[in-house]
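What follows is a short report on a single structure.
Bear in mind these aren't lab numbers, they're just calculated from the coordinates by the rules spelled out. Bear in mind that the values here come from a model prediction, so they are computed numbers and not experimental data. Positions of Cβ are generated from backbone atoms using ideal geometry, with glycine treated the same way; all protein chains shown enter the neighbour counts.
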Amino acid sequence: MTLDEQLEKLVLESTAKTGKSLQLLSDICKEQYERGSLDFSIATVGRLSEEVGGPKSSAIRNKTPSGDKYKTLLKAWQNEYKKKPRPRTTRKKDQWVEDIQDHQTRWLTLDLINENRKLTAENLKYKEVKVLQIDMRKPPLTTGKAIAAREEKKANIEFTASELKSLSHAISEQCFEAFGLSKDSRGRVEQDGQEMFKVGFVSAIEKILDVYAVERESI
């Protein structure tokens, strides 16, 4: 069983509070290993844990369900590296975190780095999923019967009063001022110089409103 598997097993068997403390103790052991120390004793880990608000050495030594789980975790770390050589102290890309003097800030930074790694791993998984391109466009209507059907459908289109009111508001001066929009002579809508709606947007709505004799606000 790996250390991560051991931690996961202990957390699943614990309360939420004990599980959080187990995760903290595991992070402390990881930091010990990364800085080149194989000291996973109750005294050392308990002292480092107490500095960041985690279980004290006495809490780890206690013969309680939570204390037994803490000791099991530390024992797993001790057994894992008992016969292994000390890790090389080459500086890793995240080694700068070790230079943070405030313990609380250091642990928070390590937690953010771990979360970022998890998100990066998830993104890589999604990239491996092949995206199927499905063309949902309908074929063009070219037959006389199809064209007639389309024209009949266009002729029968009706707008409700609320729909026409919404279209009128979309190109109203009030709406443009509220969202910092402007239009040019070709009916294009822009915001801070960036095109929001293409050429003909305003004029197309104006034509619809003219057909239905809807009074528009000036713009």
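Quick look at the values:
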{"item": "Centroid-to-centroid separation of the stretch 55-84 and the stretch 151-178 [C-alpha atoms, Å]", "result": "70 Å"}
{"item": "Greater than 31 Å apart at Cα, pairs in Lys145/Lys183; Lys71/Lys125; Lys153/Lys198; Lys75/Lys125; Lys118/Lys198; Lys56/Lys125", "result": "Lys145/Lys183; Lys71/Lys125; Lys75/Lys125; Lys118/Lys198; Lys56/Lys125"}
{"item": "Mean separation of Cα contacts under 8 Å, 6 or more apart, over the residue count of the stretch 144-211: relative contact order %", "result": "22 percent"}
{"item": "Span per principal axis, largest first, for the Cα atoms of the stretch 155-194 (Å)", "result": "38, 21, 13"}
{"item": "Burial ordering of Phe179, Phe197, Phe40, Phe159, fewest other beta-carbon atoms within 10 Å first", "result": "Phe179, Phe159, Phe197, Phe40"}
{"item": "Mean shadow area of the stretch 3-90 over all directions, Cα convex hull, nm²", "result": "5.5 nm²"}
{"item": "Rg to Rh, two decimals, where the stretch 144-211 supplies the alpha carbon set and Rh follows Kirkwood", "result": "1.11"}
{"item": "Residue order, fewest to most beta carbons within 10 Å, for Val202, Val52", "result": "Val52, Val202"}
{"item": "Dipole-positive endmost among Gly180, Phe159, Phe201 within the stretch 144-211 (Cβ charges, Cα centre)", "result": "Phe159"}
